[in-house]
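Asker: Please find one structure pasted underneath; my questions will follow.
The values are calculated or read from the model by the stated rules, or taken from the named source; none is laboratory data. Small disclaimer: the values here were computed from a predicted structure and weren't measured. Reconstructed Cβ throughout: ideal geometry from the backbone, glycine too, with neighbour counts over all protein chains shown.
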Amino acid sequence: MREQYMRGGEGFIICYSVTDRQSFQEAAKFKELIFQVRHTCEIPLVLVGNKIDLEQFRQCQRTDSEMDNGNDKRKGETIGKKDG
C-alpha cells in the first residue's frame, strides 16, 4: 500500500525526531525507497526535523549527511513547539 502512494505522489514530506537517531535513519530509508519506487531522485522532497525545542536531548545534528547522497541537495527544516 505504501509503495502505491509513493508511485502516485507528486512530492513528499519526511519527518523525523531530532531526539531519536533511529527515526532519522528510518527517514533516510524512506527517502531511498521513494527513489527506488519512482526510479528517479528528481522528486520534490522536504526533510523535517521535529522536536527542536528539546535541544538537550538532540541526537541528530544539522551536519548529519546521511540524507545527502552526492548530488542530492534537498532542503531540510527543523521545527518545534516554540515555532508555533
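Asker: Output the residues belonging to the range 36-84 that are within 12 Å of the chain's Cα centre (by Cα), at pLDDT 75 or above and among the basic types (Lys, Arg).
Answerer: none
Asker: Tell me, which residue of the range 13-27 that is within 11 Å of the chain's Cα centre (by Cα) and surrounded by fewer than 17 Cβ atoms within 10 Å (Cβ to Cβ) is nearest to Ile52 (Cα to Cα)?
Answerer: Looking at residues that are within 11 Å of the chain's Cα centre (by Cα) and surrounded by fewer than 17 Cβ atoms within 10 Å (Cβ to Cβ), I get Cys15.
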